[in-house]
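Accompanying notes for the structure given below.
The values are calculated or read from the model by the stated rules, or taken from the named source; none is laboratory data. In this text the structure is predicted, and so the values were computed from the model without any measurement. Glycine also receives a Cβ, built like all others from the backbone with ideal geometry; neighbour counts cover every protein chain displayed.
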Amino acid sequence: MNSADSRFEMVKKRHTETLMNAIKEKKADELFVPFLKKMAEKKNYFTSSSCAGRILLLAALGKGTKKEMYFHKRWHRKVKFSELWKEIENFNGEKLIFKMEAFILHLGARNFEYAEKALKLMKEAGVKKGGIIATKPGKFLIELAGTNAISLPVIDNNKILIEKDFMKYLLKEGNKKLEKNFRFLKKFEKKCLKDLE
């Protein structure tokens, strides 16, 4: 075994242990768990931080940079308007952002050849956003992401900016996009498990 393969095996082992701990501690996205477990069994791939898609309320501090944000509430499923509006009304802070985010998957590959194979499969499956984001001997990291998304502020300066009817409309659209995301993800997962070694 050469040094690149040794490095890959070491990195794969570490990420697999991290995944199994996250599953045990119920920190992993439940919808993604069966797929992530099966990908961990692949000889030439591993998964890193991933999300199957979600609806969330993101609280912003200060100028609202990424470092100044935290999850007020998140759901990896369709959301009822009553539960969303309750979280908005009960929010005690300056800024709150409503978001619907599509899936994101970080996939590690043994070498460039396997990374290229995963990217080819991504295109065949219809994933429009993806590429290699890190290249080191024994560690090629690929990021694949869905493109459905919604993001807008709902509270600023402690004031609700959005009317109930419009929020209902946005949530309805967010739920539709999330369902479409989950359907697409299932097809993509099936292709990955069949075609990647």
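Residue by residue through segment 133-154, note down the ones that are of a type in the set (Gly, Ala, Ser), without any contact (Cβ under 8 Å) to a residue 60 or more places away in the chain and over 20 Å from Leu58 (Cβ atoms). The one that is of a type in the set (Gly, Ala, Ser), without any contact (Cβ under 8 Å) to a residue 60 or more places away in the chain and over 20 Å from Leu58 (Cβ atoms): Ala134. Collect the residues in segment 113-146 that are modelled with pLDDT under 90 and not small (Gly, Ala, Ser), keeping them in residue-number order. Passing the criteria: Leu121, Met122, Lys123, Glu124, Val127, Lys128, Lys136, Pro137, Lys139.
Residue under question is Leu185, and the condition is that it be touching a helix residue (DSSP H, G or I) at 6+ places or on another chain (Cβ under 6 Å) and either closer than 20 Å to Glu101 by Cβ or buried (at least 18 other Cβ atoms within 10 Å of the Cβ) (or both); does it hold?
Working: touching a helix residue (DSSP H, G or I) at 6+ places or on another chain (Cβ under 6 Å): no; either closer than 20 Å to Glu101 by Cβ or buried (at least 18 other Cβ atoms within 10 Å of the Cβ) (or both): yes.
Here the answer is no, as Leu185 does not meet what is asked.
Here Ile142, Ile88 are screened, and the one residue that is in a strand (DSSP E or B), out of contact with any Phe, Trp or Tyr (no Cβ under 6 Å at 6 or more places or on another chain), surrounded by 15 or more Cβ atoms within 10 Å (Cβ to Cβ) and among the β-branched types (Val, Ile, Thr) is Ile142.
Taking segment 166-197 as the range and being assigned to a helix (DSSP H, G or I) and among the hydrophobic types (A, V, I, L, M, F, W, C) as the test, the residues that pass are Phe166, Met167, Leu170, Leu171, Leu178, Phe182, Phe184, Leu185, Phe188, Cys192, Leu193.
Set side by side, the residues Ala118, Ala59 differ, and just one is aliphatic (A, V, I, L, M), in contact (Cβ under 8 Å) with a residue 24 or more places away in the chain and part of a helix (DSSP H, G or I), which is Ala118.
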